[in-house]
Every structure is written in C-alpha cells, then in structure tokens.
Amino acid sequence: MIDFDKAYILGLLVGGGSVSKNTFIINLPFDKWGMDAANMNTLAKDILTKISKKFQKCYGFPVGYEIANKKWLIKPIDEVKLAEIVQDLQSLELPYHGILLNSADLSKVKEVMKDSLLAETFLSGVFDTRASLAKSHRRFSDEAPVVSIEIPGSTENFKFVVQLCSWLTDLGSITDQILFNHPSQHAASDPTYKGWKKGFKIRFLVRSFLAKHSFALQAKAFDIAKLEKYQLKSSQPPCAIRKPKMPSAVSIHEDIGSISLPIEVRNKLFFHYHHFCAVLGCPYAPLKHIREIVENYENLISVLPRLMKGGIKPLRIEYNEIASQYFSDYQIVSKNYTLKELLKEDYFEKYSDLEVGLAYLFSVELNGKRHIGSKDDILEVAKNQTVKLLLPDSLLDAPILIENNENKRSIIVSATTGEFNKKMIDSKIEITGLSVKIC
C-alpha cells in the first residue's frame, strides 16, 4: 500500500535516486543555491528530521546526508535491506536498480495515484530533487521568475519529460516552456556546436506552479514564496490553445544522428518545443499550429550553418571544407565592405542572422560567443569599420565567410530563404506527417 510518506520517498528516488544491491543514494543537485548558509541549515534539518523520519516509519531505517561537489547526497546510515523499497517500485512498474530517472515510466504511477493529494505528494519528491530556483534558469526578466524542473541529458529519457509535463498539465498547471536535450533546441544555428547536451528543462512561472504544486523542503518553499512577490508577467495560455510563433530556421547538426538520442528523435529536426511534444504524443500539444509550422519547412531549415562564430583560422578551414563539398566548381572571391555598406545591400537580407553575427565580430566584450550589450548599439558604433567577405562567385545565396582582421574573429552565415538552401533541403529532407527526417 502506497501511503503519503511512501509516495514522497518514491518521488525522491525517481527524481534523484540511484539504487544498488544493499544501498541507494538520492542526489540533490542544489549547487550554489544549496550552498547558501541559511539554506544549508534548513536543508540539513529537513533531511535529518522530516525525511529521515519518513524512511524510519516506512522502511525501518534512518538516512543521513553528506555534501560532495556542491551536491547533497541522502543515503542510509548503515547497510540495509531494500526489499520493501524494491517491492514498492516494482508495484508502480518503476526501475529498481541503477539511476531510476534513466528509464522511469510514469504510466503506472499516474494510474495508481489517481488521488490528487497522493499524486502531489509523489511529485513534491520529484520537485525537491529536480526543481531549480536559480536565477540562471529564469526568463530574461526578474518580473517572470521561473521554477525549472531540470532533468540531465544523460538520462536520454524524452518519454519521462513528456509524461511528467502532461501529468502536471492534467493537474492544472500551465507550462511556460520546455527545452529538450536535442541539438535542434540547444544548437539551432551552429551545426558544429559541441556543448548542446544541456539537458531538459520544464519551466513554469512561479505563480502557475504555486497554484497547484508545492515543495516539501522548507528552504525551497520559503524561496519560491519570495520569488512570487516579484512576478508581474502573466502566465501563457494553456498549451492546447497556445499559438506558437513561426520560429527561426534550424541547422542540421552534425550530431543529429547521435546514438545518445532515442530513435523517436534521432535524425529528425524539430522547429519548436511543442513540435517535440506533438511527435512524442503529448495530448496537450497544439497540433493544428504545429502542422502549420511543419508545412512551412522550406523556410525553417538551414542545411549549412545558419550562424557559426569563431576565430579566423578555424572558420577559414571550416568554410573551405563546406566549399569543397557543396560548391567546388565555383571560385571563392574576396570583397571588402564597411558595416554600413554591407547592411544596405539588398542581397544580404536573406541572411537572417547577419546582424547578430556582425555584433559578435565587433562587440567589445563577449560572454562565450555571445555579444554583450545592445546589438543595434554595437553596429552603430562600428558602422564605418571594414570586414572581409569570402563567397563563391556567381552562386546566389550561398554561405559566406565574414572576417574582422582587427580582433581575428569571423563568422559563417547562410541565407536560409535562398534558392541554394532550398535545393539542398529538397535533397536531404523527408517529411512524413509531423516528422522532419534527415535522409
């Protein structure tokens, strides 16, 4: 019989647990938030009293904690027998060894926990292990504070993400945004970007989250109550009636066929987070609007880099490789432009990321490869500066290389709506319903 205390413990295990023969570890990845002195005291108290008492009551043993690499680890104090925990996990058709999140399926859990209070108790365990209140996970403004349910990309469990989000929607919450662990979302413009495996994020505006859900850990409950006071942004409409904006074009990433991507999303492009939801079977996906987006696919795919940033030497090598593969019959010519002249040329209007790329070339400061400050201000200050363009002579709308010799930065940018790109799309893309597959 799964009671409220067991439901919470099992939620903790699903959200952050790793189970072996005679022990388990529940990882609370609190990083800097959990290192705050006030939070540390409250968290320690919660683990040693509230959580440990639940384990003692339900399974006959207490738990303690240790802190390692800014992570809080809950574990049994001594070696224990896990037969009853394993039995409860099995009764919910959940995994009972290894990292549970890697293969967790919530179908049976949702069926058994029809009582909304029991469901919320289970989910509070998931929230305590996976939900982040860190400022880095919020929207661009403090007026839209977000609860972000962070699921590491190493789990590769797209199904769990969709199940969790749709269950929360069943219970009355409104998702603000989802990020899926896929290059279409984390590397939409640069097909060579290696750091795309940033995990999954299910985001809710704080007020929408609090209307239906809660944390059991006092430190999180206290901090989210503080965040709510700053929210001025209204929640979005429910997903089923939301109309996504027509997105920017997506590049075909070199890892699109990675075996780390499950077959449902491997070798496929996605134009919007709701596109993932629709393909993966979420009942709340706005299907009509996603179909409209997919039907516009010719304007939403960049076969070659939409925008690639880097140093002159490596990007010259990259551009030469592109040229030898896709337009080797054409001569590469060099031209010099001031920014003012370049931005006035009608020819370059099809290069949708040109201005963002130029801002990178002339920004005084960078955050990684992102310019710091207003794009328009950067371009205005640099309008009389000169850049060097390399492009294939007489081949319309082909990718171009732009170099700033003063700071040795360069970009490759493509015309996503040009004829060259459209011919490439015809040879590489296969559309079946909502599936956009790479041939």
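Summary of values
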quantity	calculated
Normalised alpha carbon radius of gyration of segment 80-234 [divisor 2.2 N^0.38 Å]	1.11
Within the accessible area of the chain (1.4 Å probe), percent carbon and sulfur	50
Accessible area (Å², 1.4 Å probe, nearest 10) - V86	30
In order through segment 303-311: 3J(HN,Hα) via Karplus (6.51 cos²θ - 1.76 cosθ + 1.60), integer Hz, x for Gly, Pro	5, 9, x, 5, 7, 10, 10, x, x
Size of charge dipole - the chain - debye, nearest 20, with Cβ of Lys, Arg +1 and Asp, Glu -1, no other charges	820
Orphan Cys of the chain, criterion: no other Cys C-beta under 4.7 Å	C58, C165, C239, C439
Per-residue HN-Hα couplings for segment 425-439 [Karplus 6.51, -1.76, 1.60; θ = phi - 60°; Hz; x = Gly/Pro]	4, 4, 8, 10, 10, 10, 9, 9, x, 9, 7, 10, 9, 7, 6
Cα convex hull volume per residue for segment 199-281 (Å³)	164
Dimensionless Rg/Rh of segment 273-360 - Kirkwood Rh, Rg from C-alpha atoms	1.10
For segment 1-120: rounded, prolate or oblate by the Cα gyration tensor [a/c cutoff 1.5]	prolate
Rule-of-thumb Rg ratio for the chain [Cα; 2.2 N^0.38 Å; N residues]	1.12
Rel. contact order, % - alpha carbon contacts under 8 angstrom, at least six apart, the chain	13
Amide proton proximity set for G17, modelled H, under 5 Å, gap of 5+	N27, L100, L101
Under 13 Å, Cβ to Cβ, from I411 - net charge with Lys/Arg +1 and Asp/Glu -1	+3
Per-pair calculated FRET efficiency, R0 = 35 Å: V364 and Q331 via Cβ, rounded to 0.05	0.50
Alpha-carbon centroid distance for the pair segment 328-407 / segment 26-73, whole angstrom	52
Residues whose placed amide H lies under 5 Å from that of Q177, excluding near-sequence neighbours	R203
Equivalent ellipsoid semi-axes - Cα gyration tensor, segment 307-439, angstrom	27, 18, 15
Order by protection proxy (mean Cβ within 10 Å, highest first), peptides 309-315, 281-287, 342-348	281-287, 309-315, 342-348
Sum of -39500 (n - 2.57) over DSSP H runs of 4+, divided by residues of the chain (222 nm, nearest 500)	-10500 deg cm²/dmol
Unsatisfied cross-links (Cα-Cα over 28 Å) in the set K198/K437; K50/K212; K220/K369; K110/K212; K350/K437	K220/K369
Positive-pole candidate from L300, P286, I332, dipole of segment 232-335, charges at beta carbon	P286
Length-normalised contact order for segment 99-210 - Cα pairs under 8 Å, 6+ apart - percent	30
Solvent exposure of the chain as accessible area per residue, Å², 1.4 Å probe	47
Nonlocal amide H pairs with Y351, under 5 Å, H built at 1.01 Å	none
Rounded to whole Hz, the Karplus (6.51, -1.76, 1.60) HN-Hα couplings of segment 339-346, x for glycine and proline	4, 4, 5, 4, 6, 8, 6, 4
P(r) tail fraction, segment 148-268 - alpha-carbon pairs more than 20 Å apart, %	53
Of all DSSP beta bridges in the chain, antiparallel share, percent nearest 5	95
Gyration tensor (alpha-carbon) shape descriptor, segment 250-302, a/c threshold 1.5	oblate
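The values are calculated or read from the model by the stated rules, or taken from the named source; none is laboratory data. As the structure is a prediction and not an experimental result, all values here were calculated from the model. Virtual Cβ from ideal backbone geometry, glycine too; neighbours counted across all protein chains shown. Surface accessibility is based on the protein's heavy atoms, side chains included, excluding ligands, DNA and RNA. Shrake-Rupley method; radii C 1.70, N 1.55, O 1.52, S 1.80 Å.
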